[in-house]
1. Given 198, 175, 182, 212, which one is of a type in the set (Val, Ile, Thr) and either without any contact (Cβ under 8 Å) to a residue 40 or more places away in the chain or within 23 Å of residue 38 (Cβ to Cβ) (or both)?
2. Output the residue which, of all residues in the stretch 99-113 that are of a type outside the set (Phe, Trp, Tyr), over 10 Å from the mean Cα position of the chain (by Cα) and crowded, with 23+ Cβ neighbours inside 10 Å, is farthest from residue 195 (Cα to Cα).
3. Can you run down the residue pairs with Cβ atoms below 8 Å, 6 or more apart or on separate chains, where the first is in the stretch 122-136 and within 29 Å of residue 180 (Cβ to Cβ) and the partner is in a loop (DSSP other than H, G, I, E, B) and among the small types (Gly, Ala, Ser)?
4. Among the residues of the stretch 120-160, count how many are acidic (Asp, Glu) and in contact with a strand residue (DSSP E or B) (Cβ under 8 Å, 6 or more places away or on another chain).
5. With (1) more than 14 Å from the chain's Cα centre (by Cα); (2) at pLDDT 95 or above as the list, and residue 157 as the residue in question, which single condition is left unmet?
6. Among what's in the stretch 160-178 and is in a strand (DSSP E or B), under 12 Å from residue 137 (Cβ atoms) and hydrophobic (A, V, I, L, M, F, W, C), pick the residue that is nearest to the chain's Cα centre (by Cα).
7. Just name the residue that is surrounded by the most Cβ atoms within 10 Å (Cβ to Cβ) out of those in the stretch 114-151 that are of a type in the set (Ser, Thr, Tyr) and in a loop (DSSP other than H, G, I, E, B).
8. Any residue at all in the stretch 21-30 that is acidic (Asp, Glu) and modelled with pLDDT under 95?
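The values are calculated or read from the model by the stated rules, or taken from the named source; none is laboratory data. All values reported here derive from a predicted model rather than from experimental measurement. For neighbour counting, all protein chains shown are included, and Cβ atoms are generated from backbone atoms with ideal geometry for every residue, glycine included.
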Amino acid sequence: MLALIGVLTISTTVARGGSSPAEVTIGACLVTHASPPRSAHLRRPPQTITRSDRLVAIVKTNCGRFQIRLDARRAPITVNSFVYLARSGFYRGLDFYRVVPNFVIQGGDPREAGTGGPGYSTTEPPPRHFRFHLGTVAMAKRLADPPGRAGSVFFVVAGSEGRLIADEYAILGHVSAGMSTVERIDALGTKGERPSQVVKIEWIKIRDLGRV
């Protein structure tokens, strides 16, 4: 199971919706269904991202959008992989399958269970003594994996308990817009770490702001 800090693991699926059977809204999320598990066997992409690249990822979910400012300066390998997966459509239709209230929201697993990935991994430990805070985005890993190991599963720190996360998860960036969407998803968390409704990633688009 892909986890964060030993005991504090994550799990969830969320959604909300509109005004017809096909589009019903509850609260502020469009109602949808959980994605069926799938397998992935991709090859690790060539390194095309440099430390001077300025990139943002726009994450569209059925609960709204949020934007991640990708940290290519400190994590070019992790960002390179995430950008590749996003541009290839890998994340389309996957769920935020784990939501731990006041801690993190986690998604990006094709198996929707914390055991899947893209078919390859990268390793890029964060800076020593890196401090996680509200809005930090990083990559989840299995507890037995070395620091900085990453596949496709990512998490967003959504509450104050994020300060307890150890500095062993590959950092991806931080939420630069749409934190209200993250909070909306976090509010769907349950004690069982599964969201009370399905939260689906509809797409992730990468915007290139040029190089420094």
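1. On the way: 175 fails: either without any contact (Cβ under 8 Å) to a residue 40 or more places away in the chain or within 23 Å of residue 38 (Cβ to Cβ) (or both); 182 fails: either without any contact (Cβ under 8 Å) to a residue 40 or more places away in the chain or within 23 Å of residue 38 (Cβ to Cβ) (or both); 212 fails: either without any contact (Cβ under 8 Å) to a residue 40 or more places away in the chain or within 23 Å of residue 38 (Cβ to Cβ) (or both).
It is 198.
2. To start, the set of residues in the stretch 99-113 that are of a type outside the set (Phe, Trp, Tyr) comprises 99-102, 104-113.
In the following step, the residues that additionally are over 10 Å from the mean Cα position of the chain (by Cα) were identified as 99-102, 110-113.
Of the ones still in play, those that are also crowded, with 23+ Cβ neighbours inside 10 Å are 99-100, 110.
Details: 99: 6, 100: 8, 110: 17 Å.
It comes out as 110.
3. Going by the 8 Å Cβ cut-off, the qualifying pairs are 126/75; 126/148; 126/170; 134/158; 134/159.
4. We begin by selecting, within the stretch 120-160, every residue acidic (Asp, Glu); these are 124, 145.
From what's left, in contact with a strand residue (DSSP E or B) (Cβ under 8 Å, 6 or more places away or on another chain): 124.
Residues flagged as acidic (Asp, Glu) and in contact with a strand residue (DSSP E or B) (Cβ under 8 Å, 6 or more places away or on another chain) within the stretch 120-160 amount to 1.
5. The single condition residue 157 does not satisfy is (1).
6. Result: 172.
7. 121
8. Taking the stretch 21-30 as the starting set, the residues that turn out to be acidic (Asp, Glu) are 23.
Retained after the next criterion (residues that are modelled with pLDDT under 95): 23.
Yes, the stretch 21-30 contains at least one residue that is acidic (Asp, Glu) and modelled with pLDDT under 95.
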